[in-house]
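Participant: One structure, pasted below without further comment.
The values are calculated or read from the model by the stated rules, or taken from the named source; none is laboratory data. This is a predicted model, so every value here is computed, not measured. Positions of Cβ are backbone-derived with ideal geometry, glycine not excepted, and every protein chain shown enters the neighbour counts. Quick note on the areas: whole protein, heavy atoms, side chains included, nothing else; ligands and nucleic acids left out. Shrake-Rupley method; radii C 1.70, N 1.55, O 1.52, S 1.80 Å.
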Amino acid sequence: MLIEEIMNKQVLTLQPTHTMADAAKLMKERKIRHVPVVDENGKLLGLVTERDLKNALPSSLLKDGDTSLYHRTLDQIMITNPIIGHPLDFVEEVALILYEHRIGCLPIVSKGELVGIITGTDLLYTYIEITGATKPSSQMEIRVQDRIGALHEVTKIFANHHASILSVLIYPDSKDDENKILSIRLKIMNPLPIIDELRKEGFDVLWPNIPTKSRQ
């Protein structure tokens, strides 16, 4: 999946001559934590975050009633040359950038112009959507040998029961390097017949861990 498919294209921006008060008001009213700073042509100049505002406004000054800092312009506090992404970047690559750099958003730029923005919350929601967790479904976790054809053998059983697959995730078995765990979400509400057949074929169904006909 490309980032252009999930990025927010209606980006709220400010210009470098806007003040910290302008940024604080925009963030509060629109419930956002990141505001790109652009010039009159839409070229990205910097980024202001909620944390930047807090760091620029020491609590000790606010307690004394000094609000003059609110009138500082954004070009004095913004992050210049922020890390950026491109609309054709893959979602997983962008997620890795956010994780490695410990940042909460990534402005998306094409041909020098700001065209979108993606946040950690956007990526989390995309992950939830990809797994099919928002749809009526059943989830299974199956331990299989790490060998060619294992996934095919499992999906053949699903096909026998006319069960559509919403998502498949594969991760290592923490107890045995020679195994993998398949986390599969199916578009079916009663997985018991499938679980029973999987176990008959020798697959270790970890979840749901319920008795089936062969175990009764």
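Participant: For the chain, with all protein chains present and a 1.4 Å probe, just round the carbon and sulfur fraction of the accessible area to a whole percent.
Facilitator: Carbon plus sulfur share of accessible area: 51 percent.
Participant: Just read off the accessible area of Asp173 with the full protein assembly in place, 1.4 Å probe, to the nearest 10 Å².
Facilitator: Around 10 Å² of this residue is reachable by solvent.
Participant: Two decimals, Cα atoms only, Kirkwood Rh: what is Rg/Rh over region 102-216?
Facilitator: 1.13
Participant: If you average 1/r over every pair of different alpha-carbon atoms in the chain and take one over that average, what Kirkwood value in Å do you get?
Facilitator: Averaging 1/r across every pair of different Cα atoms and inverting gives 20.9 Å.
Participant: When the convex hull of the C-alpha atoms of region 73-118 is computed, what volume per residue in Å³ does it have?
Facilitator: That works out to 83 Å³ per residue.
Participant: Full extension from Asn8 to Asn81: what is 0.36 nm times the residue separation minus their Cα-Cα distance, to one decimal in nm?
Facilitator: 24.2 nm
Participant: Out of Leu206, Thr155, Leu88, whose Cα points farthest toward the positive end of the dipole of the chain (charges: +1 Lys, Arg; -1 Asp, Glu; placed on Cβ)?
Facilitator: Leu206
Participant: Quick one: length gained pulling Glu50 to Arg102 fully straight, 0.36 nm per residue minus the C-alpha distance?
Facilitator: Once the chain is fully extended between Glu50 and Arg102, it gains 17.2 nm.
Participant: Would you mind computing Rg(Cα) / (2.2 N^0.38 Å) for region 36-159, counting N as its residues?
Facilitator: Ratio of Cα Rg to 2.2 N^0.38 Å: 1.61.
Participant: At 7 Å along Cα-to-Cβ for each site, give me the label-to-label distance between Lys43 and Gln145 in nm.
Facilitator: 6.2
Participant: Okay, moving on. Apply 1/(1 + (r/R0)^6) to the Cβ-Cβ distance of Lys28 and Lys135, taking R0 = 25 Å, and write down the FRET efficiency to the nearest 0.05. Write down the numbers at each step before the final one.
Facilitator: Working: r = 34 Å, r/R0 = 1.38.
Working from the Cβ atoms, E equals 0.15.
Participant: Assuming R0 = 25 Å, what is the FRET efficiency of Glu93 and Lys156, from their Cβ-Cβ distance, to the nearest 0.05?
Facilitator: It comes to 0.15.
Participant: Among Phe90, Phe158, what's the order by accessible area (1.4 angstrom probe), most exposed first? Could the numbers behind the result be given before it?
Facilitator: Working: Phe90 95, Phe158 0 Å².
From most exposed to least exposed: Phe90, Phe158.
Participant: Can I ask one more? When the convex hull of the C-alpha atoms of region 119-176 is computed, what volume per residue in Å³ does it have?
Facilitator: For region 119-176, the hull spanned by Cα atoms encloses 105 Å³ per residue.
Participant: Quick check for you: with a 1.4 Å probe and neighbouring chains kept, what is the accessible area per residue of the chain, in Å²?
Facilitator: 62
Participant: Output wanted: per-residue J couplings in Hz (rounded whole) for region 2-19, from phi through Karplus 6.51 cos²θ - 1.76 cosθ + 1.60, θ = phi - 60°, x for Gly and Pro.
Facilitator: 8, 5, 5, 6, 10, 5, 7, 8, 8, 8, 7, 10, 9, 9, x, 7, 5, 9
Participant: Something else about it: With +1 on each Lys and Arg Cβ and -1 on each Asp and Glu Cβ, how big is the dipole of region 1-132 about its Cα centre, in debye rounded to the nearest 20? Provide the component values of the computation, followed by the final result.
Facilitator: Working: 13 positive and 18 negative charges, 99 e Å.
With Lys and Arg at +1 and Asp and Glu at -1, about 480 debye.
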